[in-house]
1. Sticking with the crude label model, points 7 Å out along Cα→Cβ, report the distance from residue 79 to residue 10 in nm, one decimal please.
2. In the range 1-104, what is the volume of the convex hull around the alpha carbon atoms, normalised per residue and reported in Å³?
3. May I ask you to give the average projected area over all directions of the convex hull of the Cα atoms of the range 53-98, in nm² rounded to one decimal?
4. If each DSSP helix of 4+ residues adds -39,500 (n - 2.57) and the sum is divided by the residues in the chain, what number results at 222 nm, nearest 500 deg cm²/dmol?
Amino acid sequence: MTRRQAFDRRREQGNARVLSGAPLPLKRFFALDTDVYQDGALPASTKELLGLVASTVLRCDDCITYHVLRANERGATQDQIVEALAIALVVGGSITIPHLREAFALLDEL
């Protein structure tokens with residue numbers, strides 16, 4: 001099983017479990033999270049790159065994986081993803097380096 005397949009399976013199962021018993025405010029947050037990354041004044045691919053930067057600075061590996069995959073699916077090039085990760089490194093500092101390693105390993109699989 002690839003890194004992507006394992007991630008997708010774990011995320012799908014986790015989300016299904018959370019949403020099966022979630023109260024309305026939690027469901028609304030999930031919907032807002034989905035809605036905010038749609039095309040608008042900024043293209044969806046740019047929004048995914050912004051999410052990638054924020055996720056890297058916050059050091060959330062699941063979030064980084066999600067945004068790398070979504071940015072790729074939405075047409076961001078590997079060079080664009082790498083540039084976004086460079087911004088994350090500048091903003092987040094050297095503590096983000098282990099997370100960059102994970103992101104680059106995922107990029108190698110794409």
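Derivation of every value follows stated rules applied to the coordinates shown; laboratory data play no part. Worth saying up front: this structure is predicted, and the values here are computed from it rather than measured. Neighbour counts run over all protein chains shown; Cβ positions are idealised from the backbone, glycine included.
1. For the pair residue 79/residue 10, the computed spacing is 3.3 nm.
2. For the range 1-104, the hull spanned by Cα atoms encloses 109 Å³ per residue.
3. The Cα convex hull of the range 53-98, projected and averaged over all directions, gives 2.8 nm².
4. -25500 deg cm²/dmol
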